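Before any comments, here is the structure.
The values are calculated or read from the model by the stated rules, or taken from the named source; none is laboratory data. Quick caveat: nothing in here was measured; it's all calculated off a predicted structure. Virtual Cβ from ideal backbone geometry, glycine too; neighbours counted across all protein chains shown. Accessible surface is based on the protein model in full, side chains and every heavy atom, while ligands, DNA and RNA are left aside. Shrake-Rupley method; radii C 1.70, N 1.55, O 1.52, S 1.80 Å.
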Amino acid sequence: MMRSYLVFGRREYPEPLTEQGVLQAASDEAARRAALENHLGPWIELVLIPEEKIRWVLRSEEKSDES
């Protein structure tokens, strides 16, 4: 079963963690490898968050193109 992971990273500590993208992987280890392969660079921190673990406190709704 494939899981979605949000990828966050920063290159310097004064910077905030920012979203780098979303990836699909079958396991945490596969997600870690995919993040390192797809997000090249001199990262200080690169973080994976499984999408099912996210608990939104506040989130604006995306507007559909069908309006």
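Across the chain, the mean sequence separation of Cα contacts (distance under 8 Å, 6 or more residues apart), normalised by length, yields a relative contact order of 38 percent. Answer with a single label: of (1) 5.0; (2) 4.0; (3) 6.5, which was calculated as mean projected area of the Cα convex hull in nm² from the structure in view? Matching entry in (1) 5.0; (2) 4.0; (3) 6.5: (3).
If R0 is taken as 30 Å, the Cβ-Cβ distance between TRP43 and ARG3 corresponds to a FRET efficiency of 0.90.
Sorting VAL22, VAL7 by accessible area puts them as VAL22, VAL7; the probe is 1.4 Å, largest comes first, and only protein heavy atoms count.
Accessible area ranking (1.4 Å probe, heavy atoms, ligands and nucleic acids excluded), largest first, for TRP56, TRP43: TRP56, TRP43.
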